[in-house]
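Bear in mind these aren't lab numbers, they're just calculated from the coordinates by the rules spelled out. In this text, all values refer to a predicted model and were calculated from it rather than measured experimentally. Using ideal geometry, Cβ is built from the backbone for each residue, glycine included, and neighbour counts are taken over all protein chains shown.
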Amino acid sequence: MRITAEIRWFWPGRPPQRFVDWFTAAGPSWESANDSRTRIDEYLRDHAHTTLGIKKRGGGEGVEIKGLISTRPTVLELAGCACAIGLWGKWSANFALDQQALIKVAKQRFMRRFRVSAANVADVSPAESGARLSGCDAELTLLEGPDGAPWWTIGFEAFGDFGQVESDLVATVAAMARRSPPPLRGGEASGYPGWLAARQW
């Protein structure tokens, strides 16, 4: 099982270009964000559960099960938006899902990857990122639901030792906040299971 500490927000439409430019462009002492090809993830439709998700990752084998373990009392802020930290567990499994019960979501992600130590939070390149046993990733993702509606999300995910993931997440969000992100309005603070459960798809 993989344990992560996460925060995430969702918005309808497309992100303000000023925020996209801030997130993706290189700045003093930090690397440019890299974008991945658009992929389609398929989620098991379940409007009753907001803390458990099952999906088939685009192009991958098997399924990924993700469940909320605990909502922490710590609330983090970025660009004027607030979200409580969630501790999540992830499992991989091999079983078939009924295609009629799946929701297809297209994603294009822009990623920033960090190595976190007691001294600092440092950007790492995609080539270096695979060697990390712990760290934190930040993503800005453009989404398209099965109805063609555009959405977008910002997420932070810290991984590694259970006793360290929460503090690594706090340090990474603080480091990004010091880079003066353009302010954002509102934002639906939620994981993917909660966001999907609230949609009429």
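Listing for the model above:
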item: Any hit, region 118-129, residues being more than 19 Å from residue 145 (Cα to Cα), among the polar types (S, T, N, Q) and either touching a Lys or Arg at 6+ places or on another chain (Cβ under 9 Å) or touching a residue at least 60 places away in the same chain (Cβ under 8 Å) (or both); result: yes
item: Matching option when the condition is under 24 Å from residue 72 (Cα atoms), touching a residue at least 60 places away in the same chain (Cβ under 8 Å) and of a type outside the set (Ser, Thr, Tyr), among 114, 110; result: 114
item: Residues that are over 21 Å from residue 14 (Cβ atoms), in contact with an Asp or Glu (Cβ under 6 Å, 6 or more places away or on another chain) and surrounded by fewer than 16 Cβ atoms within 10 Å (Cβ to Cβ), drawn from region 93-124; result: none
item: Residue tally, condition in a strand (DSSP E or B), over 16 Å from the mean Cα position of the chain (by Cα) and acidic (Asp, Glu), over region 110-138; result: 1
item: Selection from region 163-198 of residues that are among the aliphatic types (A, V, I, L, M) and part of a loop (DSSP other than H, G, I, E, B); result: 184, 198
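To keep it simple, each residue is scored yes or no on (1) within 17 Å of the chain's Cα centre (by Cα); (2) at positive phi; (3) in contact (Cβ under 8 Å) with a residue 40 or more places away in the chain.
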residue	(1), (2), (3)
78	yes, no, yes
92	no, no, no
140	yes, no, yes
147	no, no, yes
